[in-house]
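Just below is one structure, and these are the notes that go with it.
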Amino acid sequence: MVQAVLFDMDGVLVDSEAFMADAAIAMLAERYGVCAARADFLPFVGMGENRFIGGVAAKFGVAINIEADKARTYDLYNELIRGKLEALPGAVAFVRECRARGLKTAIATSADRRKLEANLPEIGLSDSDFDAVVDGLQVERKKPFPDIYLEASRRLGVVPGRCLVVEDAVSGVKAAKAAGAACLALAGSFSEAELRAAGADFFAADLASVDPSIMGMKG
C-alpha cells in the first residue's frame, strides 16, 4: 500500500521545459552568440538546470559561468512564464486528493529553489500543499541517481518501498527505481516505450487520467 507520493515538478505538475529552454536559448545568444534550439536540451531534461544549461553549452564548445549564467536564465524565465504557465491536466486536483486521502506528499525536483518558487504560484500551488519540498540544491547527486527521492522519503518518514514517484523523464524514472520506489510515468518529453524501458511500473497520459487503484484510492 502506498503511503506517500513524491512528485517531480517539470513535466508532472507543470510544463515549463519549453519556457526554460527558450530562456536558456536567449541567454546563450545574448552572452555567447550561440544559436541553440529546444531540441538541443532534450538529452538533459530532468537533470537539473546546471546540466540542462551546461550540457548544451558544452555541445557548442562554450565555457560558461554556470552560476552567473543560470541566474540570468532564471531572470529571463521568470519574465517568460508570467501569466502564461499553467498546471498540467489534473495536477493540482491530484496533489490535493492525495492529501485528502491521508497520503503524504512531496515535491522532489532537480530544479533550483528559485524555479520552484516561480512555478508554484503560477499554477495555484504552494509549499503548504506538500509535506516536504526537496530541490536540486539540497542533494549532491542529481537524477538519475536516487538521492533526491531518498531524501524526500526520509523527510516524510516513509520508506521508499511505500512511496510512489510520479515522473516524466527517463532520468527521473531511473532515479525512482534506484531509490526502491514504485514509479508512475507520464507522457510528455519521452515515449511510453522509453519510460517503461527505464523501469516505470505504471504509465498515464497525465494526472487527470491516472487509475486511482494504483494507490489504493478506490472510487
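Against the test of being in a helix (DSSP H, G or I), hydroxyl-bearing (S, T, Y), modelled with pLDDT of 95 or more and over 30 Å from P212 (Cβ atoms), the options Y149, Y77 yield a single qualifying residue, Y77.
When the residues of the stretch 168-197 are filtered to those that are among the polar types (S, T, N, Q) and not in a helix (DSSP H, G or I), the one that is farthest from the chain's Cα centre (by Cα) is S191. Taking the conditions (1) outside the structural domain of A36 (by TED's automatic domain parsing); (2) aromatic (F, W, Y); (3) under 26 Å from E30 (Cα atoms) in turn, Y74 satisfies each one other than (1). Would you say V165 is within 19 Å of V14 (Cβ to Cβ) and in a strand (DSSP E or B)? In short, yes. For G157, the conditions (1) surrounded by fewer than 16 Cβ atoms within 10 Å (Cβ to Cβ); (2) more than 23 Å from E17 (Cβ to Cβ); (3) modelled with pLDDT under 95; (4) not acidic (D, E) are fulfilled apart from (3). Taking the stretch 13-38 as the range and being among the small types (G, A, S) and at pLDDT 95 or above as the test, the residues that pass are A21, A23, A24, A26, A29, G33, A36, A37. Applying the condition of being under 12 Å from G11 (Cβ atoms) and hydroxyl-bearing (S, T, Y) to the stretch 168-209 and asking which residue is surrounded by the fewest Cβ atoms within 10 Å (Cβ to Cβ) yields S189. The condition of being farther than 21 Å from V133 by Cβ, of a type in the set (A, V, I, L, M) and part of a loop (DSSP other than H, G, I, E, B) holds for only one of A36, A18, that being A36.
The values are calculated or read from the model by the stated rules, or taken from the named source; none is laboratory data. Being a predicted model, the structure only gives us computed values, none of them experimental. Cβ coordinates were reconstructed from backbone atoms using ideal geometry, including for glycine residues, and neighbour counts include every protein chain displayed.
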